[in-house]
Structures are given as structure tokens and as C-alpha cells.
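The values are calculated or read from the model by the stated rules, or taken from the named source; none is laboratory data. Predicted, not measured: the structure shown is a model, and the values here were computed from it. Methodologically, a virtual Cβ is constructed for each residue, glycine included, from the backbone with ideal geometry; neighbour enumeration extends over all protein chains shown.
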């Protein structure tokens, strides 16, 4: 419970910081008033239309990635699993790239995230068909790898065929992953889908605990592996698909956060679910703050910072726990 | 009757791995399932639990999943502990079928966990990380997990494989004590001497079928040991029970 409190306080503090750190220096009292639509019109615009959606998306996306990473690791009983494994994020990115490449993204507002969500849904349909109701977790991983590879290849093709260097640059920058310049409309589109994903994933705690003893014992403990797999797939697809659709590919959160918190929750997969959701939100908020603080004029991308922080962190964890892993 | 199998058949492709097995296990029985490797012991138990598609009927497979989980505890041969949780947390997983959705361990559940830990002599290891224990200790922890499930029937697949002699004996004595308390145990094992001494009844399987089913001294005869296990062996009746002495392999 101490951990829950600490993580909640940390996430809340970072959320507040995300609201008040930025290019325009807005004092806290004016900022709070502006959030409610009072005071200087410019402050209201900055707070309500720029910083609030950005902070909300960073927290929700980080939470989605942390939660689905913990669920995926628990289901596969493998600390190397991450939400990108089932190919949904790769497919959502492909959808976004196609929207950018074809000019569909410019046709109407939210065309890009909607296309990305459509492709994520397509990927989850494909994986359900491939990994089937009786499929094993190995089939699931293999199907995910195949779909990721296909999505990656088609993304390369779209880049290859991009009409001009500006279009190519736009695609590349989008793929780096960012929550900058998103609007409340993005929040309204992504948040309900993510919430469905969270609801599905948070019900898995007991099943993931039982899976600690292997699939046979889990079934003998009264669990339906079919239902668990379906919930995991749909939940991850909704949470991660929606996250990728609005922010592009943000890696490492789903891999590092559960790893970081596992010892603190006594390694119980059920406790890791909610704690990784909070931890993921905190880490992503912190990384997004870093993009604004380190090089405020160069538009550093969230995905880049996350990889720069995540990879050494992961190396450190491996170094620290290598005796346990072997 | 705690377990009733009627004409249970499991096919792998066209080939029957378990072929028309009928078997009853009643309260107070500790039934040893013996037979050479590949005789179909594991497949029989997994099909009986409803974990494999099968023909024929099993009283367990017919139950709804949550009720089955309160009727039988299953201890597979592979000893899997995926995460570095404490011994107590691991043993408490056995209480999952008794917990209503979303609720925490009740005092009755904690009592069952404590009893299981005490029975397997694990109180001193309670707060240790399960994955850091020795193989034999992990085996005991997993047995305690099954005991915490507190079911009328326990099914265990080679639970004493890889244990030291004292732990093998202690484990089977625990199983026998469970049977003497009125529960039922179905256990597959390869140690014929321990099977003969501690099981109330033996079921001998070969190539998917039951060869004989009865009291240890009726099942373990030199003739059957030669026929099923290809073993030249002497069977001695001693003061402490049946003694099987393998002398050579028949080719």
C-alpha cells in the first residue's frame, strides 16, 4: 500500500509539473485559473489546449504501456515480453504512416489516429485468427513477430515510395513518438479506447497469479486460458493501439517499468498490473518533461528520450539481476 | 467415489495413448499409478482433469471449472515457479478456487496455508523467495500449494522424482496420511518399493491400458514385472512390507 501511495504521489506531482513547465512561464495561480477558463485568454489557450492534453496523453499512454507490459510478461511468464510483441503497435504505426503518405491525414482532423486505430484492429483480428482459440503462447508470440515484421516491411515500403523528402521527414518524425501538439480531440478519441483496454487488463490479476505455476496448474485452479488470452489480446490491442495511434511508437516503457517494479511488489503479477500502470504514467510524464527541459528549442521527441533513458536503465537492471536470471 | 473414469480414451492422431481406461478411486484410498515410461500415466491424469480432449467420461472433466478446482488439486511433473515470489505467497495460490472474485485471503484461507506449510515442514522458509530454494525444497513448496487447495482428491504426477530418499519417503507418507484422513490420492511413480509400501492400491499401466489393478502384492509379481517392465526381479515379503529387488533387464 505504501508503494501505491508513493507511485500515486509521484505520478500526480509529475502531472502537475507537466502542466506548469513549458515555453511560456505561467505562474501557478494564473495557470490554475486558466485551466478553469479564467483570466488571460492566452494563458487559457496554453493551459487548456496545449499543456492539459499533452499531460493527459503522456500519463494515459505511459499507463497503457506499463499495464500491458506487465500483463504480457505475466501471461508469457517472461520478463523480456513487451506490449509491442503482438504486432499491434507496429500495425498502428503502419496505419499512421499510410495516412501521412497518401495525404489522407490532411483530409480531415483525426484522420491519422483513426487510420492507425483501424490498422491496430486489423492486426488483432489477424493475430486472433492465427493464434486461434486453442493456440499456445508460442503461437501467439510467433504470430506477433510475423505481423510486426510485415507491418515493418510495409512501413519501409511507404517511406520508400514517399513522394518527396518533406513527406519522408514527416513520416520519420511522426514515428519517433511524441505527445507534443496534441489536442483535447486526440484525448477524446484515444482515452475511451484505452480505458476499455485498462478495464480488460486489470481483471487479469488473479489469472496471471495462477499462471505463476504454469498453464496446467492454472487451468486446474479453475482458469480458462482461452478467456485469459482473449482478454489479454483485446486489452493490449485497445490500450497500445490507441496509444500508438495518437503518439506514435514509444518503446521501452512496457519492458522497463514492470522490470523496475517487480521486486517492490514481491514479484506478484497481479500487484505488478496496477503498479506498472502508475509507474508507466510517471516515467512517460518524466520523459516528456525532459524533452521540454533539455533542448526546449529542438523539439526532442518523447520516443527518443524514452529509448535513451530506457536502454541504459534496462542494461543496469540486467547487470543487477543477472545472477537471479541465470 | 471421488474419481470415476469410464472407458477413457485419448488419441494422438490415430494412435490411442490411453485406451479405454475405466478406474474408480474412492475416499481413503492412496492409489499408485505405475508403469514404464510412455505407458500413458501422465496422459491419463491430464485427460481425467479435462486438460486434454478425450472420449469416454471422467467425473472431474464433467464438472464446471471452478467446482473442479475445489474437488481436485493437480501437481504436474514439471515444477514451475515463474516469478521470485515468497513461499507463503506461492502456497496461498492454492486458495484461489476458494476465494470469491476480487476478495483477499480470509482467516480460513490463511489457516489452510499455515496448515499446509506446517505439514510440509516449511514454516522456516515461509518468507524466503521460492525460486531461490533448492529443487527438493521447491518440490515441497509445490506440494504444500496443492495441500492448501484443500480438496477431497489430490492427483500428483511423479511427485518424488528428483528428491532425496528421505524426502521421497516423507512425501509419500504425507500422501498416505491424507488418504488415512479420508481423502483420495492418485499418484504416479516409478519407485515400486515405495509404491508397494505406502499405496493402498496399485494400478499397473502398459501401452495405454490398465494391466492390473489391486493390492500391491497382487499387482507386483515377478511375472508382471517381467512382462510389463522387462525386469527380472525378486519380490520378498518382509516384516516392513514388500521388497522388490531388480536383478536384471530382460531383452
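Checking region A:79-88 against the condition returns a match, with at least one residue being surrounded by fewer than 17 Cβ atoms within 10 Å (Cβ to Cβ) and closer than 24 Å to residue A:257 by Cα.
Counting only helices (runs of 4 or more DSSP H) that fall entirely inside region B:24-99 and contain at least 1 residues that are within 11 Å of chain A (Cβ to nearest Cβ), touching a residue at least 40 places away in the same chain (Cβ under 8 Å) and surrounded by fewer than 18 Cβ atoms within 10 Å (Cβ to Cβ), no element qualifies. The residues of region A:262-281 that are in a helix (DSSP H, G or I) and either free of Cβ contacts under 8 Å to residues at least 12 places away in the same chain or surrounded by fewer than 24 Cβ atoms within 10 Å (Cβ to Cβ) (or both), listed by number, are A:263, A:264, A:265, A:270, A:271, A:274. Can we say residue A:209 is touching a strand residue (DSSP E or B) at 6+ places or on another chain (Cβ under 8 Å) and modelled with pLDDT of 90 or more? No. When region A:282-303 is limited to residues that are surrounded by fewer than 16 Cβ atoms within 10 Å (Cβ to Cβ) and touching a residue at least 24 places away in the same chain (Cβ under 8 Å), the one that is farthest from residue A:66 (Cα to Cα) turns out to be A:296.
Of A:227, A:212, which residue is within 14 Å of chain B (Cβ to nearest Cβ), surrounded by fewer than 17 Cβ atoms within 10 Å (Cβ to Cβ) and either over 30 Å from residue B:99 (Cβ atoms) or touching a helix residue (DSSP H, G or I) at 6+ places or on another chain (Cβ under 9 Å) (or both)? Reasoning before the result, please.
On the way: A:212 fails: surrounded by fewer than 17 Cβ atoms within 10 Å (Cβ to Cβ).
Selected residue: A:227, the only one of A:227, A:212 that is within 14 Å of chain B (Cβ to nearest Cβ), surrounded by fewer than 17 Cβ atoms within 10 Å (Cβ to Cβ) and either over 30 Å from residue B:99 (Cβ atoms) or touching a helix residue (DSSP H, G or I) at 6+ places or on another chain (Cβ under 9 Å) (or both).
Among the conditions (1) in contact with a strand residue (DSSP E or B) (Cβ under 8 Å, 6 or more places away or on another chain); (2) under 17 Å from residue B:26 (Cβ atoms), the only one that residue B:181 does not satisfy is (1). Scanning region A:194-213 for residues that are touching a residue at least 60 places away in the same chain (Cβ under 8 Å) and assigned to a loop (DSSP other than H, G, I, E, B) yields A:204, A:212. Looking only at region B:217-235, which residues are closer than 18 Å to residue B:199 by Cβ and exposed (fewer than 15 other Cβ atoms within 10 Å of the Cβ)? Result: B:217, B:218, B:221.
The residues listed here are B:111, B:116, B:144; of these, the one that is closer than 24 Å to residue A:75 by Cα and either assigned to a helix (DSSP H, G or I) or more than 14 Å from chain A (Cβ to nearest Cβ) (or both) is B:144. Cβ-Cβ distances below 6 Å connect the following pairs, each with a first residue in region A:23-47 that is closer than 15 Å to residue A:184 by Cβ, a second residue that is in a loop (DSSP other than H, G, I, E, B), and a separation of six or more residues or different chains: A:44/A:37; A:46/A:24.
Considering only region A:235-248, I want to know if a residue exists there that is surrounded by fewer than 21 Cβ atoms within 10 Å (Cβ to Cβ) and either assigned to a helix (DSSP H, G or I) or modelled with pLDDT under 95 (or both). Within region A:235-248 (the criterion being surrounded by fewer than 21 Cβ atoms within 10 Å (Cβ to Cβ) and either assigned to a helix (DSSP H, G or I) or modelled with pLDDT under 95 (or both)), the answer is no, since none of the residues qualifies.
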